[in-house]
Amino acid sequence: MQKRASVIVAIGGEQSAFAAKAASTAVPLVFMVGEDPAKSGLVTSLSRPGGNATGFNLLIVETESKRVDLLRELAPSASIFGALINPKSAYAQMQSSAVTSAAHNIGQQIEIINASNELDLENAFARFVQDKIGAFLLTADPFFVYRREQIIAAAAKHQIPGVYFLREFAESGGLASYGTSLTDAYWQVGVYAGKILGGTKPADLPVIQPTKFELVINLKTAKALGFAVPPSLLAIADQVIE
């Protein structure tokens, strides 16, 4: 006799969350997604999810504009920014709109370049050089996490400063990162799963949104790029790698 799951944890974004919800409306679901789950229809509202699902919203799109602002502070002399976006991402259109709007608001020219495979990434950095991109933004996407070493190596080879969405990029040699802590997000998801196993209903657990965002700056990379990081940013960084 098969036993029914006590709780489903779906951390692969909207696709896995909706798949899990479609599989059962009775088994509690704890998700991790990148956009507002109330807008996408996963829950009724953030404060009162309703139904069998709740979880964590990473605020992926909302933080893209902040990374554009950070890039401007790091590279004020760059006349053109580049933004790498995976066109296959569910967030691609929203990310493109967010970074374009953010750049427009600060009077910054930005060029959107798509990349969804290894060859695309090689071509993207060749395009950066060709179009004299002074600095680039890497938008949030699992594919870019998978190709982290390739991206960081290409940025170093072509001497192009970049701002990334996870601290792991800065720790691996990227210039700077700003975004939600994945460690904290996974921990929060685990806490919710534990509460549900203890008898709490998902409908009684508000969707969590991050309140703390990490700024990590790699001074080793800055020195290798011949790059001076503004003291104002060093002062507020959560971690400075020296």
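Here, each number is a calculation from the coordinates, and none is a lab measurement. All values reported here derive from a predicted model rather than from experimental measurement.
When the listed pairs K21/K201; K88/K132; K21/K195 are checked against a 22 Å cut-off, the alpha-carbon distance exceeds it for K88/K132. Ignoring solvent entirely, what values of log10 I(q)/I(0) come out of the Debye formula for the range 106-242 at 0.09, 0.17, 0.18 Å⁻¹ when each Cα is a single scatterer? Relative scattering, expressed as log10 I(q)/I(0), comes to -0.35, -0.95, -1.03.
Nearest 10 degrees is fine. How inclined is helix 60-74 to the longest principal axis of the chain, computing both from alpha carbons? For 60-74 against the chain, the angle is about 20 degrees. If you bin all the Cα-Cα distances of the chain at 5 Å, starting from zero, the percentages per bin are 1, 6, 14, 17, 17, 14, 11, 8, 6, 4, 2, 0, 0, 0. On full extension, the segment bounded by I106 and D204 gains 31.2 nm, given 0.36 nm per residue less the C-alpha separation. At the listed q of 0.11, 0.12, 0.15, 0.23 Å⁻¹, the Debye profile of the range 59-134, built from one uniform point per Cα, gives log10 I(q)/I(0) equal to -0.27, -0.32, -0.50, -1.11.
For the chain, adding -39500 (n - 2.57) for each run of n ≥ 4 DSSP H residues and dividing by the number of residues yields -12500 deg cm²/dmol at 222 nm. Against the chain, whose longest principal axis comes from its Cα atoms, helix 118-130 is set at around 40 degrees.
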